[in-house]
Amino acid sequence: MALIDSKTGNIIREYSIDELKENARFMRGYNLVALHAAGSGHSGGTLSIMDITAALYLRIANADPNNALWEERDRIIWSTGHKAPSLYLGLAFAGYYPREDVMLLRKLYSPFQGHPHWLKVAGVEASTGSLGQGLSIAVGIALAGKLNGKNYKTFCIMGDGEQQEGQIWEAVMEASHYQLDNLIGIVDCNRLQIDGLVKDVMNVEPLEEKYKSFGWNVLRIDGHDMQRIVDGFEKAKKNTDGKPLVILCDTIKGKGVSFMEDVAGWHGKSPSYEEMIKGLTELGLNEKLPVNDLLEKSKTYQKDVEKKLEAKHPKFGKNYWWNSEATMKVKMEPTRKGFGNSLAENGDDERIVCLGLDISGSITISDFYTSKPERKKRWLSMGIAEQSATAAAAGLAKEGKIPVLGTYGTFAAARNLDQIRTSVCYGNFDVLIAGAHGGVSVGPDGATHQALEDLFAMCGLPNMSVIVPCDAIETKKGTTYFLLKHFGPEYIRFAREATPVVTKENTPFVFGKANIIRLRKEADNFVDAFETILASEYKNELEHLTIIASGPMVPEAMRAAYILKKEFEWETRIINMHTLKPIDESVIVQSAKETGIIITAEEHQIGALAWRVSEIITSSKELYGLPIITGAIGVKDRFGDSGAPWELVKEFEVSAEYIAAKAIELMKVKK
Ligand SMILES: Cc1ncc(C[n+]2csc(CCOP(=O)(O)OP(=O)(O)O)c2C)c(N)n1
């Protein structure tokens with residue numbers, strides 16, 4: 001069977017092996033153009049899975065593109081959400097929507113998010129992006145199929161690196177226990193993951209024996225030989241012996257584009273224009289795709305996005321955006337660099353061990369050993385297995401080590417939350433956890449990769465200490481403090497994107513004590529216009545209002561203070577609350593009393609900072625009866641979105657302009 005008209009039962013179209021090959025080739029071409037237009041994304045894994053995608057969506061799976069929720073359809077779950085462009089193209093080629101729509105990949109407000117969301121695109125069966133969860137979803141769908149007496153098959157596409165997630169093996173057990181012979185696992189065995197070869201990062205082989213020993217049927221095929229793919233899938237669809245079946249597909253990462261093939265560096269990279277053309281030429285498609293029209297579609301959409309964003313952004317007398325004019329000039333550097341710099345500088349202490357979670361270069365944890373190969377013996381690659389690595393870190397700490405682990409904030413502080421709570425915090429172990437790529441400004445990867453709730457949990461855990469540094473320099477200071485001067489569970493949260501550097505080497509940094517930042521004068525460089533003083537040494541200057549900010553919101557608060565001074569002559573007290581736990585209570589109480597207006601600013605769901613500040617204000621005897629006006633800037637109870645980092649800062653209303661607009665609103669009610 002294949003693509004079916006669900007009303008009549010007639011087959012819409014049948015594809016021969018040669019036609020499937022040809023479609024896979026074109027899908028690879030569209031993939032390159034979409035990734036180039038997006039300016040980010042995953043080239044390697046989308047190309048390795050493309051032949052399988054073509055076979056599944058055009059010939060193997062029963063589906064009706066005009067009735068995406070047809071009850072009898074086969075379900076396809078993409079556990080490897082980062083291969084979303086292949087999924088989108090599979091659906092487009094099957095006729096769910098025009099192929100050119102995929103050119104909106106990873107753009108703001110677009111249904112074609114960096115990782116698939118089933119509520120946004122017809123034909124997408126599950127929202128994924130956090131690896132290791134798809135097979136469990138597939139087990140649920142297959143179980144429901146059995147319970148409901150349905151004949152559909154459930155396919156689940158996984159990566160070989162992804163097999164390192166323990167949850168996969170829980171689902172493998174469940175499928176076998178419930179005799180789910182309506183479930184077909186597919187593993188894209190391209191032998192690479194982000195940090196290198198799967199066998200070096202954390203060996204998962206022999207997969208065949210492993211699946212068999214869990215009671216599964218196993219097929220191993222060449223994932224680029226269309227005839228074998230189709231034969232394998234047809235055999236799998238006939239599987240009815242009470243055992244689930246997995247197809248291990250041997251593939252090449254980057255398949256079809258010579259300079260991408262087998263190169264780990266192409267995992268999460270998109271091609272430049274020249275690389276796209278080179279790739280299309282190799283695929284024999286340079287003259288065959290409407291490249292200019294496709295790129296035009298993406299550009300036109302992008303222009304509309306920018307217009308929409310600009311229309312909603314609060315307006316002032318002039319443009320105060322970063323580097324818009326000489327006085328707004330700042331140096332931008334990714335905060336994550338400070339983390340790597342500290343590990344590189346302080347890693348000689350033999351007690352320090354760093355645990356890699358397969359995203360080591362990007363979050364800079366690998367700087368621990370890059371220029372000091374002798375430290376490699378203290379580098380523990382744990383694979384994509386955040387939960388086990390967290391508890392292993394507790395074990396290492398118990399035996400006197402100082403373990404450091406880090407990954408995206410969502411996977412560093414949510415995926416493994418119970419392990420942090422019970423194994424690390426309850427035991428009160430000296431484990432440093434880095435939540436990298438925090439906030440919406442991680443950008444086009446979208447909602448699944450944007451840590452917006454991590455600080456609720458981390459600040460809520462007894463024994464945990466939390467630092468949210470405002471720039472690369474402060475990230476280095478915070479990391480060094482946690483590493484060498486502090487004992488206990490520690491969470492440091494920093495961003496991916498380059499953000500303004502607003503502190504200097506000699507700026508005070510005292511754990512648990514906030515800094516006060518004041519705009520003093522006009523200067524050539526934005527940062528030089530400000531003075532920073534340790535809060536405990538600050539004398540009241542009768543400012544009109546206070547902004548309490550943490551992380552990358554500190555530079556935004558400084559810009560807001562600049563806007564308010566220029567436009568209204570108002571003086572703002574900015575508090576850099578770099579330590580969220582333990583929070584500096586006295587500066588909050590003092591500033592509430594002295595300025596009467598407190599605005600909090602956090603790149604997080606509103607509350608990690610705002611609610612704590614409110615609680616301190618409302619419960620402080622010193623403030624009883626005083627009219628304190630408060631406002632909160634942060635994400636308003638929504639999931640993130642794909643988009644460029646600074647677009648998201650605007651869309652999620654966490655820019656200086658939103659802080660300034662809030663200040664104007666509150667100043668109107670201040671007596
Ligand atoms: C829970 C979780 N941890 C980490 C990541 C970040 N990440 C995205 S892709 C990837 C590597 C996946 O490797 P593999 O499964 O082999 O996929 P492929 O090489 O085929 O792209 C990682 C670690 C994630 N998305 N989810």
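Within the stretch 183-205, take every residue that is touching a Ser or Thr at 6+ places or on another chain (Cβ under 8 Å) and assigned to a strand (DSSP E or B) and give me the one that is farthest from Gly223 (Cα to Cα).
Leu183
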- Item | Residue, modelled with the highest pLDDT, within the stretch 435-446, restricted to residues that are in a helix (DSSP H, G or I) and away from the ligand (no atom under 12 Å from the Cβ) | Val440
- Message: So Ile517 ticks every box in (1) over 19 Å from Gly340 (Cβ atoms); (2) in contact with a Phe, Trp or Tyr (Cβ under 6 Å, 6 or more places away or on another chain); (3) in contact (Cβ under 8 Å) with a residue 60 or more places away in the chain but one. Which box is left unticked?
- Response: (3)
- Condition met for Tyr88 (free of Cβ contacts under 8 Å to residues at least 60 places away in the same chain, of a type in the set (Ser, Thr, Tyr), farther than 19 Å from Lys237 by Cα and not assigned by TED's automatic domain parsing to the domain that holds Ala447): yes
- Query: Can you find even one residue in the stretch 166-177 that is under 30 Å from Thr364 (Cβ atoms) and among the hydrophobic types (A, V, I, L, M, F, W, C)?
  - Reply: yes
- Item | Answer from Glu174, Glu170 - the residue that is within 16 Å of the ligand (Cβ to nearest atom), in a helix (DSSP H, G or I) and not hydroxyl-bearing (Ser, Thr, Tyr) | Glu170
- Query: Take the residues of the stretch 114-141 that are in contact (Cβ under 8 Å) with a residue 60 or more places away in the chain and in contact with a strand residue (DSSP E or B) (Cβ under 8 Å, 6 or more places away or on another chain): which is nearest to the ligand (Cβ to nearest atom)?
  - Reply: Leu131
- Note on the structure: For the stretch 143-167 the number of residues that are crowded, with 24+ Cβ neighbours inside 10 Å, touching a residue at least 60 places away in the same chain (Cβ under 8 Å) and part of a helix (DSSP H, G or I) is 3
- Query: Given the structure, is Thr327 at pLDDT 95 or above and either surrounded by fewer than 16 Cβ atoms within 10 Å (Cβ to Cβ) or in contact with a strand residue (DSSP E or B) (Cβ under 6 Å, 6 or more places away or on another chain) (or both)?
  - Reply: no
- Message: Please pick out the residue among Ser614, Ser642 that is in the same structural domain as Leu542 (by TED's automatic domain parsing) and closer than 22 Å to Leu461 by Cα.
- Response: Ser614
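The values are calculated or read from the model by the stated rules, or taken from the named source; none is laboratory data. The structure displayed is predicted, hence computed values, not measured ones. Note that we place each Cβ from the backbone using ideal geometry, even for glycine, and neighbour counts take in every protein chain shown.
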